[in-house]
1. With +1 on each Lys and Arg Cβ and -1 on each Asp and Glu Cβ, how big is the dipole of the stretch 54-208 about its Cα centre, in debye rounded to the nearest 20?
2. What residues qualify as long-range amide H neighbours of PHE74, i.e. H under 5 Å apart, gap of 5 or more or another chain, H built at 1.01 Å from N?
3. With a sphere of radius 9 Å drawn around the Cβ of ALA143, what net charge do the other residues whose Cβ falls strictly inside it have (Lys, Arg +1; Asp, Glu -1)?
4. In sequence order, what are the phi-derived ³J(HN,Hα) couplings for the stretch 149-158 according to the Karplus relation 6.51 cos²θ - 1.76 cosθ + 1.60 with θ = phi - 60°, rounded to whole Hz, with x for glycine and proline?
5. Lys and Arg at +1, Asp and Glu at -1: add these up for the other residues within a Cβ distance under 15 Å of ILE187 and post the number.
6. What number in nm² do you get for the stretch 63-206 if you take the convex hull of its Cα atoms and divide its surface by four?
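Computed from the coordinates by the stated procedures, all read-outs in this text should not be read as laboratory data. In this text, all values refer to a predicted model and were calculated from it rather than measured experimentally. Glycine gets a Cβ as well: all are built from the backbone with ideal geometry, and neighbour counts include every protein chain shown.
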Amino acid sequence: MNEHSAHAGNDAIERRARPNVGGRRHVRRLGLVAGLVAVAGLSLEGLPAWATTGTATVSAGSLAFVSSPPNVTFSATLSGLDQTVNSTEAIDVSDATGSGTGWNVTATSTTFTAGAKTLSTSATTLSAAPTDACDGGATCTVATNSITYPYTLPAATSAPTATKVFDGAANTGMGNQTVTPTWKLSIPANTLAGAYTSTWTISLVSGP
């Protein structure tokens, strides 16, 4: 091998070796950085955390019937005996006030009449408390009712002062719920046949 060839071979060996030298330097640098981080007591993965604030504004809605209370219909066939016929009324209440004030349902009516024929002014009653259940899609607080029963619906030629049928104590009755009374109509054996009508007024009032 001549001197020129020997120098060329040495150059090739040196060029091939250089990347390895650079690689060792790169490894040494990473080791130095990791050592400095370790000395500082930090973690490459444990970057500082920043506190933030979440806010939620919940605005009050209203107290109202979800829909108008439905008509109440009774049907009976005279049999020569005294009768009591039933009819339910689903009263859908929405308390979206978020106040926890409570509410009550009041009622009054005119006398059942068919021309000159009338039923007793105490003909319509509730013998037990209405049921109450949350509406579908509503996580409600069912009303705590303090009304005592039996209850007699007020009636006269002109509707008298309304009285409470059902109530929700403070911090209850929140959210949509349906109150369902089962009305009873007394029909004595001596009742005259006819199509009787009465005008009922059902109201929703704030406060128990």
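1. On the way: 3 positive and 7 negative charges, 68 e Å.
That gives a dipole near 320 debye.
2. Residues meeting the amide H criterion: none.
3. Numbers: positive: none; negative: ASP95, ASP132, ASP167.
Summing Lys and Arg as +1 and Asp and Glu as -1 gives -3.
4. Those phi angles translate into 10, x, 10, 10, 5, x, 8, 6, 4, 10 Hz.
5. Numbers: positive: LYS117, LYS184; negative: ASP82.
Cβ neighbours under 15 Å give a net charge of +1.
6. Working: hull surface 34.7 nm².
Across all orientations, the stretch 63-206 yields a mean hull projection of 8.7 nm².
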